[in-house]
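Inspection log for the structure reproduced underneath, given as structure tokens.
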Amino acid sequence: MTARLTLTPTSKVLILTGAGVSAESGVPTFRGTNGLWEERRVEEVASPQGFDADAKLVWRFYSLRRDGASKVNPNPGHEAIATLEARLGDRFLLATQNVDGLHTRAGSKRMICIHGELFKTRCERCNEPFVDTKTYFDAVPRCETCDGRLRPHIVWFGEMLNPTHLTQIDGFIESAGPELVFLAIGTSGQVYPAAGFVDAARRVGGQCWLVDVDPTPEYARRFDHVVRGKSGEVLPALFAP
Ligand code: BV8
Ligand code: ZN
């Protein structure tokens, strides 16, 4: 049975995506790699402590991901999300945990990158992010203005998310109320505060959908509907007008 999303003319749709939506593009998920990279926990590498301990190693981690992400393309799941946005306009918002840039390349505009962006770099002191597709395998790059350390513009474990982003998402949920349709797609729902968006959606009476090829039980039970499947295969039909 192909599940269908029934939207009314006043429905407002909030989508949260995780690594699973990029899996069919060939981008490895976190859980798929058991959260490991070169036998280290990703949480250790993607953290301020990890960067202070070995900035060169962390830049190698992100440089490899920049190389990887520049060789892959959006898949039908990314495209279905961008098409739904075009149909709903300001009744749509996408919050992505992914940093790979594939939603942007698929045409998504009403999107918040809550965990940062792989192809942006910032100086730890100047703090101004800039688009950067370069890779840094041999040395830690320095800021031309103040000679401070350059870091990936990524929200690491143990770092706060941009409060403006969270205000935007909470505002969208509050203003939608019972008209909200919340979909979590391709995420194991283990990382907060993103994993808590479903609880906020339920509190306002929103309808909650989870799309995942292998849903995480303690996350899935917080949803009204669980659609098992690959996002690239399920979303075009699920979002069909
Ligand atoms: C914060 C950028 C306040 C990095 C990421 C102890 C110390 C410090 C912090 C904490 C702590 N204990 C708890 C915390 C809070 C922590 C947290 O929640 N930790 C977890 C591990 C318990 N959160 C934070 O640190 C956040 N900040 O809380 O600030 C604070 C401050 C100080 C101290 C405490 C709190 C910041 C979190 C952001 C971290 N950055 N990303 C980078 O990418 O390099 S998180 C990163 O991991 C991703 O962005 C994503 O959020 C997460 C991975 O999750 P998923 O995307 O869900 O991927 P996963 O592989 O897990 O799942 C994929 C799913 O897809 C699976 O279900 C699979 O079945 C499915 N799938 C696969 N293929 C398909 C598919 N589905 C559909 N179709 C397919 N084809
Ligand atoms: Zn600087």
Could you tell me whether segment 143-154 includes any residue that is more than 24 Å from the chain's Cα centre (by Cα), modelled with pLDDT of 95 or more and in the same structural domain as residue 95 (by TED's automatic domain parsing)? no
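Residues that are basic (Lys, Arg) and at pLDDT 95 or above: which strands (runs of 3 or more DSSP E) entirely in segment 1-118 hold 1 or more of them?
12-17
Taking residue 207, is it among the polar types (S, T, N, Q), in the same structural domain as residue 20 (by TED's automatic domain parsing) and crowded, with 18+ Cβ neighbours inside 10 Å? Let's see the steps before the verdict.
Values: among the polar types (S, T, N, Q): yes; in the same structural domain as residue 20 (by TED's automatic domain parsing): yes; crowded, with 18+ Cβ neighbours inside 10 Å: yes.
It is true that residue 207 is among the polar types (S, T, N, Q), in the same structural domain as residue 20 (by TED's automatic domain parsing) and crowded, with 18+ Cβ neighbours inside 10 Å.
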Being of a type in the set (Phe, Trp, Tyr), within 17 Å of residue 37 (Cα to Cα) and either more than 15 Å from ligand 1 (Cβ to nearest atom) or crowded, with 16+ Cβ neighbours inside 10 Å (or both), is that true of even one residue in segment 109-120? no
Expected single match for of a type in the set (Gly, Ala, Ser) and open to solvent by 40 Å² or more (accessible area, probe 1.4 Å) among 80, 23, 55 is 23
Being under 21 Å from residue 192 (Cβ atoms) and in contact (Cβ under 8 Å) with a residue 40 or more places away in the chain, is that true of even one residue in segment 61-71? no
For segment 139-168, which positions are more than 15 Å from ligand 1 (Cβ to nearest atom), touching a helix residue (DSSP H, G or I) at 6+ places or on another chain (Cβ under 8 Å) and outside any strand (DSSP E or B)? 139, 140, 141
Do we find that residue 177 is assigned by TED's automatic domain parsing to the domain that holds residue 91, at positive phi and of a type outside the set (A, V, I, L, M, F, W, C) in this structure? yes
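The values are calculated or read from the model by the stated rules, or taken from the named source; none is laboratory data. Note that the coordinates shown come from a computational prediction; the quantities given were computed from them, not determined experimentally. Reconstructed Cβ throughout: ideal geometry from the backbone, glycine too, with neighbour counts over all protein chains shown. We work out accessible area using only protein heavy atoms, side chains counted, and drop any ligands, DNA or RNA first. Shrake-Rupley method; radii C 1.70, N 1.55, O 1.52, S 1.80 Å.
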